[in-house]
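Notes to accompany the following structure.
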Amino acid sequence: AFPEALAACADLDALLRLKGAYVGREGSHAARLMELLKAAPKEQKRELGAAANALKTQWEEGLRTRQAELEEARKRAAALASGWDPTLPPPVPAQGALHPLNRLMDRLVDVFRPLGYHVEEGPEAETEEHNFDGLNIPEDHPARGSADTFYFRQGGGLLLRTHTSPVQVRVLKRIGAKGPDGLSELERSGGIRFLAPGRVYRKDEIDPTHSPMFHQVEGMLVGKGIGMHHLKGTLSYAMKALFGPGADVRFRPSYFPFVEPGAEMDVRCPLCGGSGCRVCKGSGWVELLGAGLIHPNVLAYAGIDPAVWSGFAFGMGVERTAMMVSQTPDLRLFFENDQRFLNSMGGLD
Ligand code: PHE
């Protein structure tokens, strides 16, 4: 019978022979049925025709299903014979991922966000006004020279920003501007806290600790009655969140035209733990950022009354921090994009 004959077909050839025998145009069971039907008495034709069609449909469906099975089996056999194993999982395509420097900046933002800081941005092609003037940097300051700063050749006084501090000037001008109600955004909000991560540029030769393009994260807080204790407390907290509860920091007096007093913050060298090594040049400490209380001239430049408002600012080197967290000896590794290096940088999350 048909079901047994169908199951007995071990390959496509046998199946095609069975197909011919059952539903072929001539001499098949189906053709024979049609002849019988033609010869049948008229009043039985309708009933017999329906039965014959049902039978033929059943054969055709059975043949189609079995043919598909046999074709699949033949493909699999051919693939196996060619050495390809279709039961292996497919190859996983390489996935894109954030660069370790971006991941570290994201982490810094995550540390400060619960303290009420949001992210501000500014352009990398800046004006002298934002990069220098608004930051109380004198006309004759060496950083303004073309030996240190990349200037655009054609006009406009545009340059590649040498630090993220011009974002301070942009934000201060924005929140210091009086609105239609005579109040500034700063007066309405009572204060502001933000981070400004981004790329900066300086004319430095490339070596293991310098690059003409690098990253900084600027931080700023403006409020009333802000002092060095707020700055120290905030940064000490942030460094513990970043490096772990054992993180040790120290502040040294320093000078930047846009802060007064100014300071530099060091962290205890994570490589040698303070006993002195190549990374900290024997001192046991690594400089991480410049900081200080916002200079009254910077507030006044943006139209903010320094007799009412005060605040702090800091600017942190991202590559420096990344090198310490990941114990990477050469900053150039961050820019060469060797996948083996990038994939080894799990510690920056
Ligand atoms: N802009 C300074 C630099 O690039 C860092 C800094 C930022 C210092 C904010 C004080 C306050 O070195």
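See the values below:
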{"quantity": "Cysteines in the chain that, by Cβ-Cβ distance, have no pairing candidate under 4.7 Å", "calculated": "9"}
{"quantity": "Shape parameters for the range 47-137, alpha-carbon atoms, Rg then Dmax in Å", "calculated": "34.5, 105"}
{"quantity": "Full-extension gain in nm, residue 205 to residue 232, via 0.36 nm per residue minus C-alpha separation", "calculated": "6.4 nm"}
{"quantity": "Rounded to 10°, Cα long-axis angle of helix 12-23 versus longest principal axis of the chain", "calculated": "50"}
{"quantity": "Karplus-derived 3J(HN,Hα), 6.51/-1.76/1.60, for each residue of the range 134-150, Hz, glycine and proline x", "calculated": "x, 9, 6, 8, x, 3, 9, 5, x, 4, 6, x, 6, 7, 10, 10, 7"}
{"quantity": "Protection-proxy order for peptides 177-184, 304-311, each taking the mean of Cβ atoms within 10 Å per residue, highest first", "calculated": "304-311, 177-184"}
{"quantity": "For the chain, calculated [θ]222 nm from helices alone, where every DSSP H run of n ≥ 4 adds -39500 (n - 2.57)", "calculated": "-12500 deg cm²/dmol"}
{"quantity": "Rounded percent of accessible protein surface that carbon and sulfur make up, the range 140-248, 1.4 Å probe", "calculated": "55"}
{"quantity": "Rounded tilt (10° steps) of 29-39 against the dominant C-alpha axis of the chain", "calculated": "50"}
{"quantity": "Loop-located chymotrypsin sites (Phe, Trp or Tyr not before Pro) in the range 246-300, at most 15 other Cβ atoms within 10 Å (DSSP)", "calculated": "255"}
{"quantity": "The chain: Rg to Rh, with Rh as the Kirkwood radius over Cα pairs", "calculated": "1.45"}
{"quantity": "0 to 90° range, to nearest 10: angle between helix 42-81 axis and the chain longest Cα axis", "calculated": "50"}
{"quantity": "Share of carbon and sulfur in the accessible heavy-atom surface of the range 72-126 [1.4 Å probe, %]", "calculated": "59"}
{"quantity": "Residue-by-residue Karplus 3J(HN,Hα) for the range 263-272, coefficients 6.51, -1.76, 1.60, Hz, glycine and proline x", "calculated": "8, 10, 10, 10, 10, 4, 4, x, 7, 10"}
{"quantity": "Solvent-accessible area per residue, Å², over the range 84-222 with all protein chains present [probe radius 1.4 Å]", "calculated": "53"}
{"quantity": "Residue-normalised accessible area of the range 223-349, expressed per residue, 1.4 Å probe, Å²", "calculated": "46"}
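The values are calculated or read from the model by the stated rules, or taken from the named source; none is laboratory data. Bear in mind the structure is a predicted one, so any value in this text is a computation, not a measurement. Positions of Cβ are generated from backbone atoms using ideal geometry, with glycine treated the same way; all protein chains shown enter the neighbour counts. In case anyone asks, the SASA skips ligands and DNA or RNA and just uses the protein heavy atoms, side chains included. Shrake-Rupley method; radii C 1.70, N 1.55, O 1.52, S 1.80 Å.
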